[in-house]
Every structure is written in C-alpha cells, then in structure tokens.
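Notes follow once the structure below has been shown.
The values are calculated or read from the model by the stated rules, or taken from the named source; none is laboratory data. Model, not experiment: these values are computed from the prediction. Quick reminder, even Gly has a Cβ in these numbers, built from the backbone with ideal geometry, and neighbours come from all protein chains shown.
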Amino acid sequence: MGGESYKVWGAALVAATVALAIGIGINHVTHTEHLETNAYKVDVLEGAVQTTAAPAAAVIEPIGPLLASADIAAGEKGFKRCATCHTFDKGGANKVGPNLFGVVGGAKGSASGFAYSDALKTMAGSWSYDELNAFLTKPKDFLAGTKMTFAGIRSAQDRANIIAFMRQHADTPFPLPTQ
Ligand code: HEC
C-alpha cells in the first residue's frame with residue numbers, strides 16, 4: 001500500500017468515527033427523551049408486576065409437617081430421578097454428582113474426592129431440612145452457580161419422601177424436625 005491509500009483509509013476512518021460519535025450522540029438524546037416520557041408508566045408497571053409475581057416465586061412449601069408421615073418407599077422410587085447422578089449407599093461412588101450417604105444433617109460439600117462448584121464449596125454448615133427442601137425445589141434458585149443441573153421437584157410431598165429416604169442412609173439418621 002502506498003502513502004496515498006493510507007491517507008484515504010485514514011480519512012475514511014475519521015469519517016466513520018465521526019459518524020459513529022454523532023450516531024451515539026443522537027441515540028443518547030432520543031434514548032434519554034424516550035426514558036423521560038415513559039418513566040412514570042414504567043414505575044407503575046413494575047409496581048404492579050411486583051405485587052402480583054413476587055410472593056408466588058418466593059414461596060416454598062415447607063416439608064416439616066410432611067416428613068413425619070413421609071412415604072419412604074415412594075421416596076426410594078422418586079430417588080431414581082437422582083440416581084443417574086448420585087449414589088446414596090455408604091462408600092458409594094461419586095458420579096456426575098457426589099455420593100449422598102449421610103447428607104441429611106451432614107456437612108455441605110463433604111463427599112471426599114468430589115469437585116464441588118465454588119458456590120457449594122463456599123456454603124457453610126450442615127444441610128438442614130429447610131435448606132434441602134429449598135435446594136431440591138429449584139437448585140439454581142437456592143444456590144446460584146451450582147453444578148447440579150436438575151430442574152427441581154415441584155411437589156412438596158415428593159420432596160419430603162425423597163428426603164426421608166435419604167435420611168435413612170446415614171450412620172445416625174438426623175432427628176426429624178419438631179413441629
Ligand atoms: C444431572 C445430575 C444430577 C441430578 C439428576 C441430581 N443431582 Fe444432586 N448434585 C449434582 C451435582 C453435580 C452436585 C454438586 C453441586 C455443586 O457442586 O454445586 C449435586 C449436589 C447435591 C447435593 C449436595 C451434596 C453435598 O455434598 O453437599 C444434594 C443433597 C443433592 N445433590 C441431592 C439430589 C437429589 C435428592 C436429587 C434428585 C431429586 C438430585 N440431587 C439430582 C448432580 C445431580
């Protein structure tokens with residue numbers, strides 16, 4: 001390329017940059033005006049959406065009352081949905097997910113040799129019934145960044161049955177919650 005074409009390209013580049021700058025400027029002005037005229041409407045809408053949608057999303061039916069009468073045989077069947085990724089027996093292998101022996105009431109993220117997500121690794125303490133209930137309702141809602149790619153279990157009774165089944169697979173089953 002000769003010196004002339006550099007100049008031509010340079011001029012084109014300057015022109016493009018100026019056009020872009022003007023474009024952004026215009027966009028900015030129209031965007032701001034647009035926002036101003038609509039600000040009130042948007043506020044009203046958001047308020048309306050929040051009052052109707054927020055409670056429905058936040059509510060997780062508690063399983064405390066269901067645990068005492070949970071159906072363990074049904075829980076064993078329900079666990080088949082988990083068994084592609086989890087074993088529950090003592091000393092069982094880690095698969096896609098960690099071995100779950102003793103997980104109910106046990107320390108979070110404690111299956112040896114399993115590479116947990118950072119999200120789970122930084123969680124403290126032991127799995128309570130309430131936390132397991134919330135996690136199994138929608139894993140990603142309870143723990144953003146979890147590696148457990150499982151949609152969740154909608155029915156509280158199903159969750160209670162599965163948790164009651166897992167509870168039995170521990171050296172000392174975790175005491176049931178007092179209601
Ligand atoms: C697609 C595979 C998959 C399925 C299906 C699955 N899980 Fe998981 N599960 C995982 C993975 C992966 C982790 C590790 C999560 C992390 O590190 O964030 C995990 C973690 C867990 C933990 C926490 C374990 C600990 O050591 O703290 C529990 C409890 C659990 N799963 C229960 C279940 C139950 C109950 C089901 C069935 C209803 C189920 N999972 C279905 C993959 C799965």
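Structure data summary
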{"quantity": "Of all residues in region 124-151 being assigned to a loop (DSSP other than H, G, I, E, B) and more than 8 Å from the ligand (Cβ to nearest atom), the one that is nearest to E61 (Cα to Cα)", "calculated": "K138"}
{"quantity": "Test: G106 is near the ligand (Cβ under 8 Å from one of its atoms) and buried (at least 18 other Cβ atoms within 10 Å of the Cβ)", "calculated": "no"}
{"quantity": "Given (1) aromatic (F, W, Y); (2) in contact (Cβ under 8 Å) with a residue 60 or more places away in the chain; (3) surrounded by fewer than 17 Cβ atoms within 10 Å (Cβ to Cβ), number of the condition F114 does not satisfy", "calculated": "(2)"}
{"quantity": "Any chance F101 is under 19 Å from G152 (Cβ atoms), outside any helix (DSSP H, G or I), touching a His at 6+ places or on another chain (Cβ under 7 Å) and at pLDDT 95 or above", "calculated": "no"}
{"quantity": "Selection within region 58-80 - away from the ligand (no atom under 13 Å from the Cβ) and assigned to a helix (DSSP H, G or I)", "calculated": "A58, G64, P65, L66, L67, I72, A73"}
{"quantity": "Evaluation of P177 against (1) part of a loop (DSSP other than H, G, I, E, B); (2) over 20 Å from E76 (Cβ atoms); (3) without any contact (Cβ under 8 Å) to a residue 24 or more places away in the chain; (4) more than 6 Å from the ligand (Cβ to nearest atom) (one fails), failing number", "calculated": "(3)"}
{"quantity": "Matching residues, region 152-172, being more than 10 Å from the ligand (Cβ to nearest atom) and hydrophobic (A, V, I, L, M, F, W, C)", "calculated": "A156, A160, A164, A170"}
{"quantity": "Scan of region 81-97 for residues that are closer than 15 Å to Q168 by Cβ and more than 9 Å from the ligand (Cβ to nearest atom), ordered by number", "calculated": "T87, D89, K90, G92"}
{"quantity": "Tabulated pairs, region 123-138, first over 19 Å from A70 (Cα atoms), second not charged (D, E, K, R), C-beta under 8 angstrom, 6+ apart or interchain", "calculated": "M123/G109; M123/L143; G125/A107; S126/G105; S126/G106; S126/A107; K138/A151; K138/G152"}
{"quantity": "Checking A164 against (1) in contact with a Lys or Arg (Cβ under 8 Å, 6 or more places away or on another chain); (2) assigned by TED's automatic domain parsing to the domain that holds A73, the condition it does not meet", "calculated": "(1)"}
